[in-house]
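Below is one structure, written out as structure tokens; the observations come after it.
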Amino acid sequence: MKVNIRPYPSDLIPIRRWERSYEFWRSKDSFYLDESKWKWYDKLVFNMFDKLAALFLPINRWSNSRKHRIMVKVDYYDIWSADHTLALIIAPTLKKLKECQHGYPHVDNEDVPEELRTPKEDLNQDQLDSLHVARWDYILNEMIWAFEQHADGYDGESQFHHNSEQLDMVFTPVGDGKPASTLSFNHQKDPSKPPYWRDDEGIKKHQERKRNGVRLFAKYYECLWD
């Protein structure tokens, strides 16, 4: 697989970005500097930004009109296990989103633990509470964990197989002149060491958490923006 997604078209000469950076530097605690708080030099600076924006407007219009270049090539071996292939891409993408996140969507109470839920009396109010960010971080963490586990394949469940070196396959001839054999497993190859055992309950909970992470990914797919 080869993926090459170029940056979205934008201003070649980012005058307005410089202007916002200046505002942020001046206001310190917000992204915008109220005009009532302008100093004499602020007027000169913003006037200069306006003149530069007008001067470079044709260039920036051309820059924004360029086609967004996207190249995706999927090879035949990528679909042998397409779920695994996609997990390899989704997990790091979600981690980068969490690292750069600036917006936080609404999260339903049933998708987070009790301690992160919005009180019932506030459910119908259009307001943010102190746990708003924490709820979305929880959702992202669960999605990231699920796809990282999926990308690891069976290695993710190896923690639930104990004393695996003791597991031995035993082939027993069927007899009657037939070349076939029956297969059985010896869970304690070395009697002096603890036998092999599998934590089925741990595996069940592990798989349930993975499925829930994938469910959350589908449910909040359209919320995956920065």
Subject >> Candidates Asp129, Asp155, Asp176, filtered to the one that is at positive phi, of a type outside the set (Gly, Ala, Ser) and at pLDDT below 90 >> reply: Asp176
Subject >> Sole exception among (1) in a loop (DSSP other than H, G, I, E, B); (2) touching a residue at least 24 places away in the same chain (Cβ under 8 Å) for Thr85, by number >> reply: (1)
Subject >> The one condition in (1) within 22 Å of the chain's Cα centre (by Cα); (2) loosely packed, with under 13 Cβ neighbours inside 10 Å that Tyr76 fails to fulfil >> reply: (1)
**OP:** Mind listing whichever residues of the range 149-199 are under 30 Å from Ala82 (Cβ atoms), in a helix (DSSP H, G or I) and in contact (Cβ under 8 Å) with a residue 12 or more places away in the chain?
**Re:** Gln149, His150, Ala151, Gly153, Gly156, Glu157, Gln159, Phe160, Ser164
Subject >> Every residue from the range 52-101 that is in contact with a helix residue (DSSP H, G or I) (Cβ under 6 Å, 6 or more places away or on another chain) and closer than 30 Å to Gly153 by Cβ >> reply: Asp78, Thr85, Ala87, Leu88, Ile90, Ala91, Leu94, Lys95, Lys98
Original post:
If you check Tyr22 against the conditions, is it of a type outside the set (A, V, I, L, M, F, W, C), surrounded by 10 or more Cβ atoms within 10 Å (Cβ to Cβ) and in a loop (DSSP other than H, G, I, E, B)?
Top reply: no
Original post:
Considering Trp62, Trp40, Trp25, which residue is of a type in the set (Phe, Trp, Tyr) and at pLDDT 90 or above?
Top reply: Trp62
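Per-residue answers, yes or no, for (1) among the aliphatic types (A, V, I, L, M); (2) in a helix (DSSP H, G or I); (3) over 18 Å from Trp18 (Cβ atoms):
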{"site": "Tyr32", "(1), (2), (3)": "no, no, no"}
{"site": "Ala53", "(1), (2), (3)": "yes, yes, no"}
{"site": "Asn60", "(1), (2), (3)": "no, yes, no"}
{"site": "Ile90", "(1), (2), (3)": "yes, yes, yes"}
{"site": "Val107", "(1), (2), (3)": "yes, no, yes"}
**OP:** Among the residues of the range 143-172, write down those that are of a type in the set (S, T, N, Q) and exposed (fewer than 12 other Cβ atoms within 10 Å of the Cβ).
**Re:** Ser158, Gln159, Ser164, Thr172
Original post:
Only one residue in Ser36, Ser21, Ser27 is more than 33 Å from the chain's Cα centre (by Cα), outside the structural domain of Gly213 (by TED's automatic domain parsing) and without any contact (Cβ under 8 Å) to a residue 12 or more places away in the chain. Which one?
Top reply: Ser36
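The values are calculated or read from the model by the stated rules, or taken from the named source; none is laboratory data. These numbers were taken from a predicted model, which means no experiment stands behind them. Reconstructed Cβ throughout: ideal geometry from the backbone, glycine too, with neighbour counts over all protein chains shown.
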